[in-house]
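Written out below as C-alpha cells is the structure these notes cover.
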Amino acid sequence: QVQLVESGGGLVQAGGSLRLSCAASGRIFSIAAMGWYRQAPGKQRELVARITSIGSTNYADSVKGRFTISRDNAKNTAYLQMNSLKPEDTAVYYCNADVTVVVTVGPVPYWGQGTQVTVSS
C-alpha cells in the first residue's frame, strides 16, 4: 500500500515560519498532483496549496504570497513553506497525493494522518 507521512508542524508565534514535509512511500508507480489541505475546529477541510508533477501550482487566496508549495519527485516528497503565519492559519494540515499504484487503475487519492499547526497571537 501507500503511506503519506507528514512532519514539521508545531507551535509558532504570529509572524513566524514553519516548513511542513510529506513523504510518500510504498508501492508507487507515479504521483500526479500533491497538495496540502487544512481543517480548523468547526470548519470544513479546505485546500491550501496544490502542485502537479510538472510543478504547476495553485493556492488558496488566504495564503498567496505567504506559503510556497514545492516537491522533490525523486524523493516522492512535498513541502509547504509557511511564512508570516497568522492565528487564523491554526489548523490540522493534511497531505494529499494522487498516486498510481496499478497503471491500469490510474491515480487514486491518498491522505496523511495530519499534523497540527498552532499560531499564537
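The values are calculated or read from the model by the stated rules, or taken from the named source; none is laboratory data. Please read these numbers as outputs of a predicted model, since none were measured by experiment. Cβ sites come from the backbone with ideal geometry, for glycine too, and all protein chains shown count toward neighbours. Surface areas here come from the heavy atoms of the whole protein model, side chains and all, with no ligands, DNA or RNA. Shrake-Rupley method; radii C 1.70, N 1.55, O 1.52, S 1.80 Å.
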**Prompt:** Going highest first, how would you order 2-12, 30-40, 72-82, 53-63 by mean Cβ packing within 10 Å?
**Reply:** 30-40, 72-82, 2-12, 53-63
**Prompt:** So how much slack lies between Q44 and S7, counting 0.36 nm per residue of separation and subtracting their Cα-Cα distance, in nm?
**Reply:** 11.1 nm
**Portion, in percent, of the accessible area of the chain that falls on carbon or sulfur, probe 1.4 Å** = 51
**Complete:** Answer in debye to the nearest 20: the dipole magnitude of the chain about its Cα centre, from +1 Lys/Arg and -1 Asp/Glu charges placed on Cβ, is 60
**Request:** Pop out the ³J(HN,Hα) list for the stretch 97-104 in order, Karplus 6.51 cos²θ - 1.76 cosθ + 1.60 with θ = phi - 60°, rounded to Hz; leave Gly and Pro as x.
**Result:** 9, 8, 10, 9, 9, 10, 4, 6
**Whole-number accessible area per residue in Å² for the chain, which is evaluated in the context of all protein chains at 1.4 Å** = 52
**Item:** Estimated FRET transfer efficiency when R0 is 25 angstrom, pair W111-S17 (beta carbons, to 0.05)
**Value:** 0.50
**Beta bridge orientation in the chain: antiparallel %, DSSP, nearest 5** = 90
